[in-house]
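The values are calculated or read from the model by the stated rules, or taken from the named source; none is laboratory data. The model shown is predicted, which means the values in this text are computed figures rather than measured ones. A quick note on method: Cβ atoms are made from the backbone with ideal geometry, for glycine too, and the neighbour counts reach across all protein chains shown.
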């Protein structure tokens, strides 16, 4: 391995990579190429253990992997530099798109564009449901938990309660995959709590300042943090929770506006939860955009720092692995319920059905999402 990079090198390396970070979890491959092959900051085994850790934790996997690389090379400040550098391009682009949306969404071309984009977003979430279901639902127990979760969400049960129930059900299940996953463990490491305490202190100060100076921003930060803490399985897992809290519980946005935010999020590099920037901006302007963005990522960032030294022990825990599996099952059901809810908010006709079907087929054949979105915008303006 090469010598440890500087904080500056970590930031700008991930900042450059962040401008092309389309594809969400697929960006882990590109992070590996940079960190292991090109820069040789980590060896293959260390990087592989980090990816396994990030997949087990809630939050956006690619963002957490960036933090892991920084943490392994330059401790907590390296993790922060990598994390911020990788996510900053998505935040900047999404902020610009949010400003444009607020000032131009009522213009006829924009209305036409979003009519098609809303159908495309439904197809994207449907494809995620199909992909995750195929990967995670291997037996009738998983299918039962997924369908039960979908039904509970359809009955307006709190998604966080559904996740807890799924985790408890998962702990009562037996699975060969659980045993197999525990045989691959990372070596335990010595750990100083100072790094963890630094980031916890930062988070506590940030919450305290928001509470003192703006109760609205404090509420937004607290909500986004809760969403991130329960988003097991990657950024798509946050969508049903975010939708329920923002649209159903608080009524901050209507369903179609939320759909538009997801559509804009697909135009940006980075994880799909960058939609939080859009939500924050629509609610409270630039302060809201910054607050929502920081706190939709901060809890999972803290978890990477806190749990990385104990990863081997977690992998050997039978009930931890079973609980995680139950949670992943439930998110297939939650995603399914979001597809149904979104679809019920669309007035379907032949054109919209063709948009959704074409997008789903294109995703099955691995057409790059930015091209789908750009073509969809052009066709929407023409058709609608």
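Some notes on this structure:
- Tallying residues that are at pLDDT 85 or above and touching a helix residue (DSSP H, G or I) at 6+ places or on another chain (Cβ under 9 Å) within the range 364-374 yields 1.
- Of all residue pairs spaced 6 or more apart or on separate chains, those with beta-carbon atoms under 7 Å, a first member in the range 147-174 that is on the phi < 0 side of the Ramachandran plot and touching a residue at least 12 places away in the same chain (Cβ under 8 Å) and a second member that is outside any helix (DSSP H, G or I) and surrounded by 14 or more Cβ atoms within 10 Å (Cβ to Cβ) are 160/230; 163/230.
- Whichever residue in the range 16-31 is part of a helix (DSSP H, G or I) and at pLDDT below 85 and, among such residues, is surrounded by the fewest Cβ atoms within 10 Å (Cβ to Cβ): 29
- Counted residues, the range 35-51 - those being surrounded by fewer than 24 Cβ atoms within 10 Å (Cβ to Cβ), in contact with a helix residue (DSSP H, G or I) (Cβ under 8 Å, 6 or more places away or on another chain) and not in a helix (DSSP H, G or I): 3
- Some residue of the range 6-15 being in contact with a helix residue (DSSP H, G or I) (Cβ under 9 Å, 6 or more places away or on another chain), assigned to a loop (DSSP other than H, G, I, E, B) and farther than 25 Å from residue 313 by Cα: yes
- Annotation note: of 143, 164, 124, 111, the sole residue that is surrounded by 20 or more Cβ atoms within 10 Å (Cβ to Cβ) and out of contact with any helix residue (DSSP H, G or I) (no Cβ under 6 Å at 6 or more places or on another chain) is 124.
- Test for residue 270: is it more than 20 Å from residue 86 (Cβ to Cβ) and in a loop (DSSP other than H, G, I, E, B): no
- Hey, residue 83 in contact with a helix residue (DSSP H, G or I) (Cβ under 7 Å, 6 or more places away or on another chain), surrounded by 22 or more Cβ atoms within 10 Å (Cβ to Cβ) and not in a loop (DSSP other than H, G, I, E, B) or not: yes
- Of all residues making up the range 283-298, the number that are surrounded by fewer than 24 Cβ atoms within 10 Å (Cβ to Cβ) and within 25 Å of residue 337 (Cα to Cα): 0
- When the range 358-384 is filtered for residues that are within 24 Å of the chain's Cα centre (by Cα) and not in a helix (DSSP H, G or I), the ones remaining, listed by number, are 365, 366, 367, 368.
For (1) modelled with pLDDT of 90 or more; (2) closer than 30 Å to residue 8 by Cβ, each residue gets a yes or a no:
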residue	(1), (2)
60	no, yes
66	yes, yes
84	yes, yes
95	yes, yes
104	no, no
112	no, no
118	no, no
125	no, no
128	no, no
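- Among residues of the range 85-96 that are over 14 Å from residue 64 (Cα atoms), those with a Cβ under 6 angstrom from a residue that is assigned to a helix (DSSP H, G or I) and modelled with pLDDT under 90, sequence gap 6+ or separate chain, pair up as 89/18.
- Only residues that are in a helix (DSSP H, G or I), on the phi > 0 side of the Ramachandran plot and crowded, with 23+ Cβ neighbours inside 10 Å were counted across the range 52-80, and they come to 0.
- The range 115-139 residues that are over 17 Å from residue 273 (Cβ atoms), paired with ones that are part of a loop (DSSP other than H, G, I, E, B) and at pLDDT below 80 (beta carbon under 6 Å, 6 or more apart): 115/384
- Condition met for residue 345 (closer than 29 Å to residue 152 by Cα, crowded, with 18+ Cβ neighbours inside 10 Å and at pLDDT below 85): no
- Qualifying residue in the range 193-211 (condition: at pLDDT 80 or above, touching a strand residue (DSSP E or B) at 6+ places or on another chain (Cβ under 9 Å) and either in a helix (DSSP H, G or I) or over 30 Å from residue 341 (Cα atoms) (or both)): no
- Residues being in contact with a helix residue (DSSP H, G or I) (Cβ under 9 Å, 6 or more places away or on another chain) and modelled with pLDDT under 70 - total across the range 167-182: 7
- Criterion (assigned to a helix (DSSP H, G or I), without any contact (Cβ under 8 Å) to a residue 12 or more places away in the chain and closer than 30 Å to residue 50 by Cβ) met by exactly one of 311, 320, 295: 320
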